[in-house]
Amino acid sequence: SPDKMLAIYFSFFVQFYFFPHLVYNDFNKKQKGIYMKTAAIICEYNPFHNGHAYHIRETKEKTGADYVIALMSGNYVQRGTPAIMEKQLRTKMALLNGADLVIELPLWSACSSAPHFAAGSVALLNQLGIVDFLSFGSECGSIRLLEEISDFLTRRHQDLEDLASDYVKLGHSYPKARALALHRLAPNPDWIAVAEEPNNLLGLEYLRALRESGSSIQPFCVTRQESRHHESALPAKGSIASASAVRASIETHGTLSDIASAVPRTVFPLMQEHFQKDFPVCSDDFSLLLKYRILSQPELTDYWDVSSDLQASIRKAAGFSCSFTDIVSRCKGKNITWSRISRSLMHILLGMTKEHADYLSRHNYRLYYQILGFKKSASCVIAAMQEHASIPMIRHCRPLKDTLPPDLLPLLSVERRANLIYHTILGEKFHQNWKDRQIIV
């Protein structure tokens, strides 16, 4: 009928005018023969808790996605520490709680600062060729507000960097210097509080990476519930705790009883089954190997993020009885953050050099992808990805079918060695022989 046709035309006009990215992406995918909606979540699930399950549910419901892809850090995470539990166990938890497919975020993005973490993650999602939405957590819950701030940060990038550099010279850490520069230059004072929240800050990096890569992926944010990102104590009320609080409770009390209400019912039995058998893993489990690496390397400044000043601090701090966290604490100062030091130490330990980092930047994070696990019902997503991805697939940190380009082999070799180091430490601590396998549910 004419009324129905008019409604269809009006609906298309609204979509095209207000959501051009979605219309373009939808057209692009249909041209390629892809007729499903997929949403991606960049995550660590370290460990998986109720807030993560809520994020997946909200993403599916609000975006209308048929499938959710979790792009998850492997055995090392962004703050420069080993994951508390092996990536296969975290993969199973994600698949049992709404994720349809879990892909490993390569080490080069997973264990790096926020700009590299975001740029590498977005690059990989672009290269998969099937992703419609990128969903992330946010304290403010407003994608429009975050995009306004992101636009400003992009336009005034150089001014902010120059001013931040001046603040660094005065002895401030880089994150603090950036915050002070934004406080000076931002046209809206309300933006300051928004940009200081960790999830908002990472969201701004995602938006910047999407813009700079010309991505057709549509950003979407879910408002963070109850606990703050860095909250170190479990909540007295409510069931959503931060991952930091869950880890702190496990490591401090040596028991799981306090976290039962903070994790999904499908996750807690898995934790009980594996507790003190192959988890928890912590930074101090790597102390001896780290000290060997520090003592045996003539030039620590060859490694990613290690300055000459930090090298001097590390060598001074790495005494006979020092643990990994002792070294971080002794190097900590007002002009350098705990995470920056820990990441630098992890780069030394795993052999991640500045030369590797330069290669990544020059080649726009064009690497490879690895499927950690999937639901049988999501096999069509894998088929579409194999057809349309512009980067090669690997399995257990090895080329799967086609050989990798020669310049990627050294990066994959470092990643494979890092995986073996984690499993070696896990074996020494728990007397477990862990083998790589793909999780299917």
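Rule-based calculations on the coordinates, nothing more; no lab input. Computed from a predicted model, the values in this text were never measured in an experiment. Because the Cβ atoms are built from the backbone with ideal geometry, glycine has one as well, and the counts that use them run over all protein chains shown.
The H on the amide N of PHE136, modeled in the peptide plane, is under 5 Å from the matching H of PHE220, CYS221, VAL222, each at least 5 residues off or on a different chain.
Here the range 31-160 is treated as a Stokes sphere of Kirkwood radius computed over C-alpha pairs; at 20 °C and 1.002 mPa s its diffusion coefficient rounds to 136 µm²/s. Normalised size of the chain, defined as Cα radius of gyration per 2.2 N^0.38 Å with N residues, equals 0.99.
From the Cα trace of the range 181-323, what convex hull volume per residue do you get, rounded to a whole Å³?
Details: hull volume 31.9 nm³, N = 143.
With only Cα atoms used, the range 181-323 gives 223 Å³ per residue.
Taking amide H as placed 1.01 Å from N in the peptide plane, the amide H of LEU105 sits under 5 Å from that of MET72, SER73, GLY74, each at least 5 places away or on another chain. Legend: calculated FRET efficiency, SER329 to ARG155, from the Cβ-Cβ distance at R0 = 25 Å, rounded to 0.05, equals 0.05. Can you work out the PRE-style zone for ARG144? Point 7 Å along Cα to Cβ, and I want the residues of the range 208-228 with backbone N under 18 Å. Answer for this model: 219-223. Under 5 Å from the amide H of ILE439 lie the amide H atoms of GLY373, PHE374, each residue being 5 or more positions distant or on a separate chain, with H modelled from the backbone and absent for Pro and chain starts. Approximating the spin labels as points 7 Å out from Cα along Cα→Cβ, the GLN225-to-GLU428 distance works out to 4.1 nm.
Ellipticity at 222 nm from helices only: DSSP H runs of n ≥ 4 in the chain, each -39500 (n - 2.57), divided by the residue count, give -16000 deg cm²/dmol. For the range 314-441, the Cα gyration tensor yields ellipsoid semi-axes of 33, 20, 14 Å (square root of five times each eigenvalue, largest first, whole Å).
Taking label positions 7 Å along the Cα-Cβ direction at both ILE440 and SER339, the computed distance is 3.7 nm, reported to one decimal.
Sequence-ordered 3J(HN,Hα) estimates for the range 100-112 from the Karplus curve with 6.51, -1.76 and 1.60 and θ = phi - 60° stand at 9, 8, 10, 10, 7, 6, x, 3, 5, 9, 5, 10, 8 Hz, glycine and proline given as x.
Angle, helix 338-350 long axis vs. longest principal axis of the chain, Cα atoms, 0 to 90°, nearest 10? So the inclination is approximately 80 degrees.
Our summary gives the chain a relative contact order of 21 percent, counting only alpha carbon pairs under 8 angstrom and 6 or more residues apart. Taken along the Cα-to-beta-carbon direction at a fixed 7 Å, the label points for LEU288 and ALA389 span 3.7 nm. The alpha carbons of the range 80-223 occupy a box of 46, 31, 26 Å along the principal axes, longest dimension given first.
For the range 384-441 versus the range 130-208, the spacing of their alpha-carbon centroids is 34 Å. 3J(HN,Hα) along the range 69-85, derived from phi through the Karplus expression 6.51 cos²θ - 1.76 cosθ + 1.60 where θ = phi - 60°, amounts to 9, 9, 8, 10, 4, x, 8, 9, 10, 5, 7, x, 9, x, 5, 5, 9 Hz, with x in place of Gly and Pro. Coupling constants for the range 367-374 follow from the phi torsions by the Karplus curve (6.51 cos²θ - 1.76 cosθ + 1.60, θ = phi - 60°), and in residue order they are 10, 7, 9, 9, 7, 7, x, 7 Hz; glycine and proline get x.
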